[in-house]
């Protein structure tokens with residue numbers, strides 16, 4: 001485990017460390033979390049800090065065996081949280097949100113399992129089934145934790161988590177093709193690549209193929225369908241509770257729009273939501 005799991009001097013110091021970790025990450029998710037009332041916001045910050053911790057283990061420079069060992073340490077920490085016996089700082093901080101919002105142990109374990117897939121190299125040209133499993137673990141599981149904290153723990157809220165999680169993760173995959181290739185990862189599914197005549201597992205070689213834009217367009221269409229499914233489920237939920245989800249959807253849908261506008265022929269320049277557009281999204285979904 002990393003520095004955040006060391007025992008902080010007190011709860012206030014720990015909350016300050018967690019808040020700074022989230023702010024420094026520069027994630028679009030930060031703005032969605034900022035829309036929440038303080039106790040829900042701190043709960044989301046703490047869940048996000050957990051996700052960053054396990055993700056950093058999977059993305060580290062150590063051996064696969066060392067990464068799995070680190071992730072197994074988090075499995076034990078989750079067991080301690082649900083057994084009421086967590087002592088390290090970040091697991092201890094998670095105990096409050098787990099109890100208050102009824103967060104499910106299996107969702108935390110799913111996130112760890114998804115990171116383990118990265119650590120073991122299972123995300124290089126995965127099958128369609130494995131890609132879907134990966135998306136469920138690293139994105140939908142986080143969504144399921146999130147909607148409970150937002151205050152929409154209904155089946156409708158879970159439907160939003162499932163659809164929006166897949167939409168966001170597929171958009172991330174399309175945005176980060178070159179960056180992920182630098183880590184030896186290739187999340188584009190085997191069956192889709194094969195259908196467009198692309199062979200091989202080397203990420204750089206696959207990204208150099210002339211048929212790549214067609215693959216990206218097909219995966220982008222899939223992401224857009226998930227966004228539409230999320231919209232339909234969100235319309236049945238509390239509008240106030242879903243404000244963070246609507247903001248994240250707007251930002252990531254905007255990213256997808258920009259990638260589609262480039263016709264998938266440029267993958268080396270990582271797209272971001274421009275600051276004025278991001279501010280507009282925050283104002284629109286924070287005030288409505």
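The values are calculated or read from the model by the stated rules, or taken from the named source; none is laboratory data. Computed from a prediction, not measured in an experiment: that's the story for all the values here. Don't worry about glycine lacking a Cβ; one is built from the backbone with ideal geometry, like all the others, and counts go over all protein chains shown.
Sort out which residues of the stretch 115-149 are assigned to a helix (DSSP H, G or I), touching a residue at least 60 places away in the same chain (Cβ under 8 Å) and surrounded by fewer than 18 Cβ atoms within 10 Å (Cβ to Cβ), and write them in order of number.
128
In the set 164, 94, which member is within 14 Å of the chain's Cα centre (by Cα) and at pLDDT 95 or above?
Details: 94 fails: within 14 Å of the chain's Cα centre (by Cα).
Sole residue among the options that is within 14 Å of the chain's Cα centre (by Cα) and at pLDDT 95 or above: 164.
Check residue 192 against each of (1) part of a loop (DSSP other than H, G, I, E, B); (2) surrounded by fewer than 20 Cβ atoms within 10 Å (Cβ to Cβ) and name the one condition it does not meet.
(1)
Report yes if some residue within the stretch 220-228 is more than 16 Å from residue 264 (Cβ to Cβ), surrounded by 19 or more Cβ atoms within 10 Å (Cβ to Cβ) and under 21 Å from the mean Cα position of the chain (by Cα); otherwise report no.
In the first step, residues of the stretch 220-228 are kept if they are more than 16 Å from residue 264 (Cβ to Cβ); the result is 225-228.
Those left that are additionally surrounded by 19 or more Cβ atoms within 10 Å (Cβ to Cβ): 226-227.
Okay, now just the ones that are also under 21 Å from the mean Cα position of the chain (by Cα), so 226-227.
Yes; the residues of the stretch 220-228 include at least one that is more than 16 Å from residue 264 (Cβ to Cβ), surrounded by 19 or more Cβ atoms within 10 Å (Cβ to Cβ) and under 21 Å from the mean Cα position of the chain (by Cα).
Could you please find all residues in the stretch 229-252 being surrounded by 15 or more Cβ atoms within 10 Å (Cβ to Cβ) and without any contact (Cβ under 8 Å) to a residue 40 or more places away in the chain?
Residues satisfying the conditions are 231, 246, 250.
Among 80, 86, which is outside the structural domain of residue 192 (by TED's automatic domain parsing), more than 25 Å from residue 241 (Cβ to Cβ), without any contact (Cβ under 8 Å) to a residue 12 or more places away in the chain and not in a helix (DSSP H, G or I)? Outline the logic, then answer.
Details: 80 fails: not in a helix (DSSP H, G or I).
Every option except 86 fails the conditions.
Given the structure, is residue 206 in contact with a strand residue (DSSP E or B) (Cβ under 9 Å, 6 or more places away or on another chain), surrounded by 13 or more Cβ atoms within 10 Å (Cβ to Cβ) and at pLDDT 95 or above?
Numbers: in contact with a strand residue (DSSP E or B) (Cβ under 9 Å, 6 or more places away or on another chain): yes; surrounded by 13 or more Cβ atoms within 10 Å (Cβ to Cβ): yes; at pLDDT 95 or above: yes.
So residue 206 passes the test.
Is there a residue being out of contact with any strand residue (DSSP E or B) (no Cβ under 8 Å at 6 or more places or on another chain) and part of a helix (DSSP H, G or I) anywhere in the stretch 181-188? I'd like the intermediate steps shown before the answer.
Taking the stretch 181-188 and keeping what is out of contact with any strand residue (DSSP E or B) (no Cβ under 8 Å at 6 or more places or on another chain), we get 181-183, 187-188.
Retained after the next criterion (residues that are part of a helix (DSSP H, G or I)): 181-182.
Yes; the residues of the stretch 181-188 include at least one that is out of contact with any strand residue (DSSP E or B) (no Cβ under 8 Å at 6 or more places or on another chain) and part of a helix (DSSP H, G or I).
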